[in-house]
Amino acid sequence: MSEVTARNAAESAREAADLALQAANTAESYAVEAIAAAADVGAHALGMGSTIDPFVFRVAIFVLAIFVGYYVVWSVTPALHTPLMSVTNAISSVIVVGALLAVGVEELPDGDGGSHWVARLAGFLALILASVNIFGGFLVTERMLAMYRKKD
Amino acid sequence: MSANLAAIAYLVAGVFFIFALRGLSSPASSRSGNHFGMAGMAIAVFTTLLISAPGNFGAWAMIILGVGIGGGIGAIIARRIPMTAMPQLIAAFHSLVGLAAVLVAVAALYAPQAFGIGSPGAIYGASLIEMSLGAVIGAVTFTGSIVAFTKLQGLVSGAPVVFPNQHLINLIIGVAIVVLIAIFASTESHLIFWVLTILALVIGVLIIIPIGGADMPVVISMLNSYSGWAAAGIGFTLGNTALIITGALVGASGAILSYIMCKAMNRSFFNVILGGFGGEVAGPSGGVVERRPVKQGSAEDAAFVMKNAGSVIIVPGYGMAVAQAQHALREMVDKLKKENVSVSYAIHPVAGRMPGHMNVLLAEAQVPYDDVFELDDINSMFAQTDVAFVIGANDVTNPAAKTDPSSPIYGMPVLDVERAGTVLFVKRSLASGYAGVDNELFYRDNTMMLFADAKKMVEDIVKSM
């Protein structure tokens, strides 16, 4: 009798555990979906959720970099203002990363009416322009800086 | 390579770019700074190729071809360009960054999946705003820089182009752009994007044409700043740290340079931007024909005066760049130094057509940079100097900026050349400078005018030494 009761108890316990596991699984999948949805919303809009949007981090980096730029540029000697312009020109061509991504675009599985070709062409042209600037900018800066010499 | 690792690599690239600018705080550290810049660029490019390697051979071929064509052109230009053409080269480079920003925005609009910002027809609203801002600022930079380039290259006249209702038209286009960005962000209409881009291209032309030749230092700095903000806009679209940091650095750099240039002309930024300065009719004494006597000298006189002086300060200006007189000038200085004359150079911040223009030309002529001084550092020295040798500069020496409140250049910091024992003025004629103001310095007793092309005059002086 007592053995039966014990078995019953063990069985119902197992059932309860299964139920709990099931509930937990359901809850987890809900949670994952909810988080994914929140991240999706949050990723590109200032959501009201508790997670911080990556956009905010980017703005933070941007603002801090402006301050860094402010102090660094004020310390540049006026004699080197022309090389400063050519080197800032060269580094702003890091926009080439966008061009590289665009060149590699592939057609969407369900077709996109050829717009991936527009993107690839735009990317290719941007790649050429940015490359002119990268090579031209750094090399001409190098050439200028090599001319500056101290009194001997 | 994981996304986190890539993000860190982009951050490193951004930090390297900061080092690149930091290096420019002195000529000694400047070259290693430039190498940091190159390394940062290499990191950014290879990281991008590693994390999103193009899946097909065609894309790789396009990348190699694109870098080959662009890099080849860039390298050839960098090697061949004469130093006097540096302002136009910088303007041309700015236009390329601007156009590249527009093209990347186009690519992001047509293939958002490649940039992780949604799918066609369902791009995130914030990304639409970021990409339209990047495209608009890029387009303004593109056409604005082309106008600046044509003015600097002498393809069109440097004189300001002014027409009725100019500011009103600019304002209307500006408002239209803002409204269209809002509509574009909510509709993702390709048509609106293109209209927006075309309006931005137009306004880029309109805001630069009314600005005159000698205000180009401000214009170039301003376009430098714009190219940075455009890059930052694209950086937000791509969520790329290297691009955001660089955009902020370049934007700040250009803004500071514009500020320094405006301050050196004692004009507000808006005064320069609104333009029309230095036109045919500018200046109260522009139309008055002055016929006061001037003391005119020859190359022999100038050579004699300088050889017997204890100290000479040379004040170069745009005229030296135009005449390519820097090498002859250095030769003259070498001869003076042999006669135990102490020689230094005084540079006004807005001398020439871009920030630091004179310094580069002197460096090209192998003038050591510790002989070259900025306005604030050398201005007190003129009173103890025997000879001030002004070559191709005018407005930046005009004492009216200190004494005549009715002068258009009143309040502009100028070099106190009139306090030197003798002022030698190399100039082609008595014509007024860019600001259209007569320079009373020409008529002073201690001034000797040397009427000739700057290069020819300096060569003649060298011959008679």
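The values are calculated or read from the model by the stated rules, or taken from the named source; none is laboratory data. All figures in this text were calculated on a predicted structure; none of them were measured in a lab. Every residue, glycine as well, gets a Cβ built from its backbone with ideal geometry; the counts of neighbours run over all protein chains shown. SASA here: full protein model, heavy atoms, side chains in, ligands and nucleic acids out. Shrake-Rupley method; radii C 1.70, N 1.55, O 1.52, S 1.80 Å.
For region B:375-390, just list the computed ³J(HN,Hα) in residue order, Karplus coefficients 6.51, -1.76 and 1.60, θ = phi - 60°, integers in Hz, with x standing in for Gly and Pro.
2, 5, 7, 10, 4, 6, 7, 4, 4, 9, 9, 6, 10, 9, 10, 9
Name the residues whose placed amide hydrogens come within less than 5 Å of the amide hydrogen of B:GLU188, ignoring near sequence neighbours (fewer than 5 apart) on the same chain.
Close amide H contacts, sequence-distant or interchain: none at all.
Sticking with the crude label model, points 7 Å out along Cα→Cβ, report the distance from B:PHE304 to A:TYR70 in nm, one decimal please.
5.8
Assuming R0 = 25 Å, what is the FRET efficiency of B:SER2 and A:ILE52, from their Cβ-Cβ distance, to the nearest 0.05?
Working: r = 21 Å, r/R0 = 0.83.
The calculated FRET efficiency here is 0.75.
Per-residue mean of other chain beta-carbon atoms within 10 angstrom of the beta-carbon, peptide B:357-365? Display every interim value, and only then the final one.
Details: counts 2, 2, 10, 10, 2, 3, 10, 4, 1.
Taking all residues of B:357-365 together, the mean is 5.
When Lys and Arg each count +1 and Asp and Glu each count -1, what net charge do the other residues less than 9 Å away from B:MET83, Cβ to Cβ, add up to? Display every interim value, and only then the final one.
Values: positive: A:ARG143; negative: B:GLU364.
Result for the local shell: 0.
HN-Hα J couplings of region B:49-59 from phi, Karplus 6.51/-1.76/1.60, θ = phi - 60°, integer Hz, Gly and Pro as x?
5, 6, 7, 10, 5, x, x, 10, 5, x, 5
How many angstrom separate the Cα center of region B:8-49 from the Cα center of region B:200-216?
One Cα centre to the other: 32 Å.
As an exercise, use a Förster radius of 45 Å and the Cβ-Cβ distance of B:SER186 and B:ASP370 to find the FRET efficiency, rounded to the nearest 0.05. Don't skip to the answer; put the middle values down first.
Details: r = 59 Å, r/R0 = 1.31.
So the FRET efficiency works out to roughly 0.15.
Have a look at B:ILE183, B:ALA255, B:GLY239 and report the one farthest towards the positive end of the charge dipole of chain B, computed about the Cα centre with Cβ charges (Lys/Arg +1, Asp/Glu -1).
Going by the Cα projections, it comes out as B:GLY239.
Roughly how many nanometres apart are two label points built 7 Å out from the Cα toward the Cβ at B:SER268 and B:SER29?
3.7
Taking both sides together, what accessible area is buried at the B/A interface, probe 1.4 Å, expressed in Å² and rounded to the nearest 100?
Numbers: alone 21690 and 12460 Å², together 25600 Å².
For chain B against chain A, roughly 8500 Å² becomes buried.
Multiply the residue gap between B:VAL179 and B:LYS456 by 0.36 nm, knock off their C-alpha separation, and tell me the result in nm, one decimal place.
Working: separation 277, 0.36 × 277 = 99.72 nm, distance 5.67 nm.
This chain segment gains 94.0 nm when fully extended.
Report the FRET efficiency, 1/(1 + (r/R0)^6), for A:ALA60 and B:ARG444, where r is their Cβ-Cβ distance and R0 is 51 Å, rounded to 0.05.
For A:ALA60 and B:ARG444, the calculated efficiency is 0.30.
For region B:344-464, just say rounded, prolate or oblate: build the C-alpha gyration tensor, square-root its eigenvalues into a ≥ b ≥ c, call rounded for a/c under 1.5, and beyond that prolate if a/b exceeds b/c, oblate if not. Could the numbers behind the result be given before it?
Values: a/c = 1.41, a/b = 1.18, b/c = 1.19.
It is rounded, given that a/c, with a ≥ b ≥ c, falls under 1.5.
What residues qualify as long-range amide H neighbours of B:MET448, i.e. H under 5 Å apart, gap of 5 or more or another chain, H built at 1.01 Å from N?
B:VAL423, B:LEU424, B:PHE425
Per DSSP H run of at least 4 residues, take -39500 (n - 2.57); add these up for the protein assembly as shown, divide by its residues and hand me the 222 nm value, nearest 500 deg cm²/dmol. Intermediate results must be reported in sequence, preceding the final value.
On the way: 22 runs with 388 residues, N = 617.
About -21000 deg cm²/dmol.
Would you tell me the mean number of C-beta atoms belonging to other protein chains that fall within 10 Å of each C-beta in A:59-65, as a whole number? Could you put the intermediate results ahead of the total?
Numbers: counts 2, 1, 7, 9, 1, 2, 15.
Mean partner-chain Cβ count within 10 Å for A:59-65: 5.
Arrange the peptides A:61-72, B:88-99, B:420-431 so that the one whose residues have, on average, the most other Cβ atoms within 10 Å appears first. Don't skip to the end; give the middle numbers.
Working: A:61-72: 17.2, B:88-99: 27.0, B:420-431: 19.7.
Answer by packing, highest mean first, reads B:88-99, B:420-431, A:61-72.
About the Cα centre, and with charges only on the beta carbon of Lys, Arg (+1) and Asp, Glu (-1), how big is the dipole of the protein assembly as shown? Nearest 20 debye, please. The partial results should precede the final answer.
Values: 32 positive and 41 negative charges, 385 e Å.
Roughly 1840 debye for the protein assembly as shown.
Starting from 0 in steps of 10 Å, tell me what percent of the Cα-Cα pairs of the protein assembly as shown lands in each bin.
P(r) for the protein assembly as shown, in whole percents per bin: 3, 16, 24, 21, 14, 9, 6, 3, 2, 1, 1, 0, 0, 0.
Residues of region B:23-39 with backbone nitrogen within less than 11 Å of a virtual label 7 Å along the Cα-to-Cβ line of B:ASP377, please, listed as ranges.
Answer for this model: B:26-27.
Could you name the lysines whose alpha carbon sits less than 18 Å from that of B:LYS402, not counting residues in the same chain fewer than 8 places away?
B:LYS263
Using the Karplus equation 6.51 cos²θ - 1.76 cosθ + 1.60 (θ = phi - 60°), what ³J(HN,Hα) coupling, rounded to whole Hz, does each residue of region B:143-150 give in order, writing x for Gly and Pro?
Going residue by residue, I get 6, x, 5, 5, 4, 4, 4, 5 Hz, with x marking Gly and Pro.
Using a 10 Å cut-off on Cβ to Cβ distances, tally the other chain neighbours for every residue of B:121-131 and report the average as a whole number. Don't skip to the end; give the middle numbers.
Values: counts 1, 0, 1, 6, 2, 6, 3, 1, 1, 3, 1.
Counting other chains' Cβ atoms within 10 Å and averaging over B:121-131 gives 2.
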